[in-house]
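One structure is given here, and the rest of the page talks about it.
Please treat every number below as a calculation from the coordinates, not as lab data. The structure presented is a predicted model; accordingly, all values stated were derived computationally and were not measured. Here the Cβ is made from the backbone with ideal geometry for all residues, glycine too, and neighbour counts use every protein chain on show.
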Amino acid sequence: MSKRTNGSETAKGQAEAHSAELEAARHRMEFNALHDPLTSLPNRRYLDEILVEKHANGPSQGLASIFHIDLDRFKEINDTLGHAAGDEILRHAAQVLRANTGDDDFVGRIGGDEFVIISRKGEIGGHDTALAQRIIDAMSIPVRYKEQECRIGVSIGIAHQARLEQELSQVLVNSDIALYEAKRRGRNHYEFFTHSLKTAVFKTKQTADEILRGLEQNEFIAHFQPQFCPDTLDIIGVEALARWDHPTRGLLAPYAFLKTAEDINVLSEIDQRILEQALFQSTRWAASGINIPKISVNLSYHRLHDEKLIDRLNQMTIPRGKISFELLESISFDESDMTVLSNIDQIKSLGIDIEIDDFGTGYASIVSLLKLTPRRLKIDRQLVIPILTSSKQRQLVASIIDIGISLGIEVIAEGVETMEHARILKDLGCHGLQGYAFARPMSGTDLANFARERRWLAA
């Protein structure tokens with residue numbers, strides 16, 4: 001064999017090897033472009049290509065179900081244990097999804113803690129329900145990270161292709177709507193898309209947009225309901241209540257916006273606006289010679305957990321003993337929640353009283369009352385209203401008042417709708433009365449006139 005022939009073959013071999021390297025590099029680049037580097041699952045770009053491809057090949061493959069999956073409590077783990085822990089949780093979630101799906105199913109991570117499954121195993125119902133429940137059960141098993149037990153959950157929205165002609169991009173949008181509802185219902189839950197759900201979710205999202213606009217336009221305002229001494233009928237305080245001065249729907253009570261405000265994480269901002277207005281009105285009333293001894297302001301669950309709450313309160317001028325924060329009894333005062341307990345202690349150190357609102361309807365016990373040592377508790381109106389006709393309800397309210405007295409806690413009754421309510425509560429030893437028998441919630445200006453003229457005495 002000549003040197004020229006040997007040289008040609010060597011060059012050919014080198015060219016083929018180089019071509020193979022280029023092809024391998026091209027495949028690596030394509031894989032990297034279409035896959036998430038952390039979990040090795042297909043990414044959003046890959047999903048977009050799959051949606052087009054599956055739509056084109058739909059008739060031969062059958063109708064598809066799309067599962068839109070979002071991890072619950074992922075942010076808390078990421079924030080408290082760090083991004084390395086968050087990455088471990090994402091890898092774990094990817095393994096769970098792979099283990100519970102078939103080889104023909106598409107499983108992708110489309111961003112953050114969001115995943116998508118596309119399955120063509122049958123009509124919506126049995127298979128989809130079983131798959132969703134398997135995933136929820138598997139995700140609920142705690143994950144260990146550096147001796148720390150991490151508990152996550154998962155919310156799943158499921159939408160089914162109604163007909164072969166329906167584009168899968170629309171099915172993905174529908175699954176997102178179902179996911180929104182699953183999270184709204186308390187998380188660790190799956191929800192199927194329906195057209196009635198679509199209407200309801202769009203209405204909720206419209207309300208959310210209006211709430212955000214309302215905050216920008218300062219439409220959330222404080223109204224005030226007075227509280228009275230049973231013996232002297234003097235005003236002993238007022239409760240500041242959030243109202244939405246909607247430009248087209250008029251003045252709206254909290255039931256019209258609180259749940260949506262909580263869903264979009266602006267309840268704390270509304271709390272802050274009401275507190276600021278309460279302080280402003282307090283100064284205004286005092287300048288007019290009107291003595292309102294204290295103002296109670298609601299403090300939401302999320303704000304109580306805010307690590308920056310105390311810093312924000314320190315930046316405000318809050319006279320000691322003038323403001324009380326009402327905490328819903330439905331808040332569970334867990335001894336292990338150090339942020340909550342620390343915030344409560346620091347709130348007290350600022351001269352702000354703590355009150356337990358809606359007592360008798362939630363979790364508060366004698367032990368929690370001893371631990372929190374609130375200045376006051378408020379008996380829920382559901383317990384107060386029936387005392388006119390029910391001896392059992394009257395005895396229950398009497399027992400709550402006795403508990404408050406024995407612990408040195410003032411007791412205020414809500415739902416005082418008649419003067420007969422007021423008389424019974426006075427005889428039972430209640431410290432304060434609040435309800436329509438005396439006054440409805442009103443604006444700061446109306447309250448000033450109401451207090452100056454002592455209108456409740458005439459009534």
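Some points to look at:
- Relative intensity, log₁₀ I(q)/I(0), of the chain from a Debye sum that treats every alpha carbon as a point, q = 0.06, 0.14 Å⁻¹: -0.41, -1.27
- Across the chain, the longest piece that holds none of the chymotrypsin sites (Phe, Trp or Tyr not before Pro) lying in DSSP loops with up to 15 other C-beta atoms within 10 Å covers 1-362.
- Note on region 206-458: semi-axes of the ellipsoid equivalent to its C-alpha gyration tensor, largest first and rounded to whole Å, are 27, 23, 18.
- Anchor residue 371: lysines whose Cα lies under 16 Å away (excluding residues fewer than 8 positions away in-chain): 348
- Reach of residue 426 by Cα under 21 Å, taken over lysines that are not fewer than 8 positions away in the same chain: 294, 378, 392
- Pairs of Cα atoms nearer than 8 Å and 6+ residues apart set the relative contact order; for region 206-458 it is 19 percent.
- For region 175-237 versus region 415-458, the gap between their alpha-carbon centres in whole angstrom: 28
- Residues of type aspartates and glutamates that residue 322 reaches as a straight line, Cα spacing below 14 Å, ignoring anything fewer than 8 places off in the same chain: 239, 276, 353, 355
- Cβ-Cβ FRET estimate between residue 310 and residue 269, R0 fixed at 22 Å, reported to 0.05: 0.85
- For region 110-183, fraction of C-alpha pairs farther apart than 18 Å, in %: 48
- Trypsin sites (Lys or Arg not before Pro) lying in DSSP loop within region 355-459, provided at most 14 other Cβ fall within 10 Å: 454
- Exposed GluC sites (Glu not before Pro) absent - longest run of the chain, DSSP non-H/G/I/E/B, at most 14 other C-beta within 10 Å: 168-306
- Residues residue 209 and residue 371, FRET efficiency given R0 of 45 Å [Cβ-Cβ distance, rounded to 0.05]: 0.65
- Contact order relative to length of region 369-441, as percent, for alpha carbon pairs under 8 angstrom and 6 or more apart: 33
- D (Stokes-Einstein, µm²/s), Kirkwood Cα radius, region 371-459, 1.306 mPa s at 10 °C: 114
- For residue 121, distant residues with modelled amide H under 5 Å away: 65
- A crude spin-label estimate for the pair residue 456 and residue 14, with each label 7 Å from Cα along the Cβ direction, gives 9.8 nm.
- Contact order relative to length of the chain, as percent, for alpha carbon pairs under 8 angstrom and 6 or more apart: 10
- Share, in percent, of DSSP beta bridges within the chain that are antiparallel, nearest 5: 60
- Fraction of beta bridges assigned by DSSP in region 206-458 that are antiparallel (%, nearest 5): 40
- Here is the size of region 28-193 from its Cα atoms: Rg then Dmax, 15.6, 51 Å.
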